[in-house]
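Engineer: Following this message is one structure expressed as structure tokens.
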Amino acid sequence: GEDVEQSLFLSVREGDSSVINCTYTDSSSTYLYWYKQEPGAGLQLLTYIFSNMDMKQDQRLTVLLNKKDKHLSLRIADTQTGDSAIYFCAESMHTNAGKSTFGDGTTLTVKP
Amino acid sequence: EAGVTQFPSHSVIEKGQTVTLRCDPISGHDNLYWYRRVMGKEIKFLLHFVKESKQDESGMPNNRFLAERTGGTYSTLKVQPAELEDSGVYFCASSQDWGSSGANVLTFGAGSRLTVL
């Protein structure tokens, strides 16, 4: 999307770390999200971070936020074949946190 | 609890025809959203219901699209008449009232794929 940008594809080997990057333009963004979409399924919220945080870790997932550069990343440690999916970055504001602006999605392929 | 369900999962229609997509949110969720992803691009917001009221319909592309949520339960999105550029995946999502809790965690349905020929 024009306001949220992601690279379209990423390919890694099983066991490696994956890093998916996202940039956004709206400096008033309050919440930033990472969603995962597996084939034939809806979007699953993986994690989210408030704009006043720099980092959030949840098991194999680490989210880093550089608010100055408006850059968000999702690191998946020990990537597994089951992590193959489309990952969407999204942002929203507090005034309507459910109205999100999404990126185009990054297709992650994990090779055995 | 049952998730967000959407019907149909896939619809193929001809240009000029009418299609109605349905979304059943999670029971008790006041907030219901429609989004769509066209041509593998970004997922775009269409509109937001709070119970039966349209809170924000700024993303609706034109007056060929009509969304309703009578009774504040399920919602329908009608496209009439459908055009080629309407092809895409239409997602519905729901959430509880987030109030002061901060981020509004959305639960998405699997989407309804619309193909207009």
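The values are calculated or read from the model by the stated rules, or taken from the named source; none is laboratory data. A quick note: this is a predicted structure, and the numbers were derived from the prediction, not measured. As a convention, Cβ positions derive from the backbone with ideal geometry for all residues, glycine included, and neighbour counts pool all protein chains shown. Areas reflect the complete protein model, heavy atoms only, side chains present, ligands, DNA and RNA absent. Shrake-Rupley method; radii C 1.70, N 1.55, O 1.52, S 1.80 Å.
Engineer: Dividing the alpha-carbon Rg of chain A by 2.2 N^0.38 Å yields what?
Structural biologist: Normalised Rg, Cα atoms only: 1.01.
Engineer: Taking the full set of protein chains and a 1.4 angstrom probe, give the accessible area of B:T20 in square angstrom, rounded to the nearest 10.
Structural biologist: 70
Engineer: How do B:H29, B:H10, A:H71 rank by accessible surface area computed with a 1.4 Å probe, from largest to smallest?
Structural biologist: The most accessible residue leads, giving B:H10, A:H71, B:H29.
Engineer: Here is a further query. Could you list the trypsin sites (Lys or Arg not before Pro) in segment A:20-93 that lie in coil according to DSSP, counting only those with at most 15 other Cβ atoms within 10 Å of their Cβ?
Structural biologist: For trypsin sites (Lys or Arg not before Pro) across segment A:20-93 that sit outside H, G, I, E and B with at most 15 neighbouring Cβ atoms in 10 Å, the list reads A:R60, A:K67, A:K68.
Engineer: Now for a different question. Which residues make up the longest stretch of chain B clear of GluC sites (Glu not before Pro) that lie in a DSSP loop with no more than 13 other Cβ atoms within 10 Å, not counting the sites?
Structural biologist: Free of exposed loop sites, the longest segment is B:15-82.
Engineer: What FRET efficiency comes out for the pair B:V50/A:D16, r = Cβ-Cβ distance, R0 = 45 Å, nearest 0.05?
Structural biologist: Computed FRET efficiency for B:V50 and A:D16: 0.55.
Engineer: Cross-link candidates for A:K67: which lysines have Cα within less than 26 Å, leaving aside residues fewer than 8 places away along the same chain?
Structural biologist: Filter leaves A:K36, A:K56, A:K99, B:K41, B:K44.
Engineer: Let me ask another. In percent, how large is the relative contact order of chain A, given Cα pairs closer than 8 Å and 6 or more residues apart?
Structural biologist: 39
Engineer: Hey, what's the per residue convex hull volume over the C-alpha atoms of segment A:31-93, in cubic angstrom?
Structural biologist: Per residue, the Cα convex hull of segment A:31-93 comes to 81 Å³.
Engineer: Compute the projected area of the convex hull of the Cα atoms of segment A:1-52, averaged over all viewing directions, and report it in nm² to one decimal place.
Structural biologist: Here the figure is 4.9 nm², rounded to one decimal.
Engineer: Counting only other chains, and only Cβ atoms inside 10 Å, what mean value do you get across the residues of A:44-52?
Structural biologist: 2
Engineer: Quick one: dipole size for the protein assembly as shown, taken about the Cα centre, charges +1 on Lys/Arg Cβ and -1 on Asp/Glu Cβ, in debye to the nearest 20.
Structural biologist: Roughly 120 debye, rounded to the nearest 20.
Engineer: Return, ordered by residue number, the residues of segment B:1-33 whose backbone nitrogen is under 14 Å from a label point located 7 Å along Cα→Cβ of A:A41.
Structural biologist: From segment B:1-33, the list is B:3-4.
Engineer: Then there's this: Hey, any idea what Rg/Rh is for segment B:14-58, computing Rh the Kirkwood way over Cα pairs?
Structural biologist: 1.03
Engineer: Now a separate question. Using protein chains only and a probe of 1.4 angstrom, how many square angstrom of A:R13 are accessible, to the nearest 10?
Structural biologist: 130
Engineer: At a threshold of 8 angstrom on Cα-Cα distance, excluding pairs fewer than six apart, so keeping six or more, what relative contact order does segment B:27-84 reach in percent?
Structural biologist: Computed over segment B:27-84, the figure is 24 percent.
Engineer: Additional query: Hey, rough spin-label estimate for A:M93 and A:F50, points 7 angstrom out along Cα→Cβ, what's it come to in nanometres?
Structural biologist: If labels sit at A:M93 and A:F50, their model points lie 1.9 nm apart.
Engineer: Looking at chain B from every direction and averaging, what is the projected area of its Cα convex hull in nm²?
Structural biologist: In nm², the orientation-averaged hull projection of chain B is 7.0.
Engineer: Could I ask something else about it? By the gyration tensor of its Cα atoms, with a ≥ b ≥ c the square roots of the eigenvalues, what is the shape of the protein assembly as shown: rounded for a/c under 1.5, prolate for a/b over b/c, or oblate?
Structural biologist: Taking the square roots of the gyration eigenvalues as a ≥ b ≥ c, the protein assembly as shown is prolate.
Engineer: Need one value: the accessible area of B:D24 in square angstrom, 1.4 angstrom probe, rounded to the nearest 10.
Structural biologist: Counting only protein heavy atoms, the figure is 50 Å².
Engineer: Which aspartates and glutamates have a Cα less than 19 Å from the Cα of A:K111, not counting those fewer than 8 places away in the same chain?
Structural biologist: A:E14, A:D16, A:E38, A:D78, A:D83
Engineer: Determine the sum of side-chain charges near B:A67: Lys and Arg each +1, Asp and Glu each -1, restricted to other residues whose C-beta is under 15 angstrom from that of B:A67.
Structural biologist: +3
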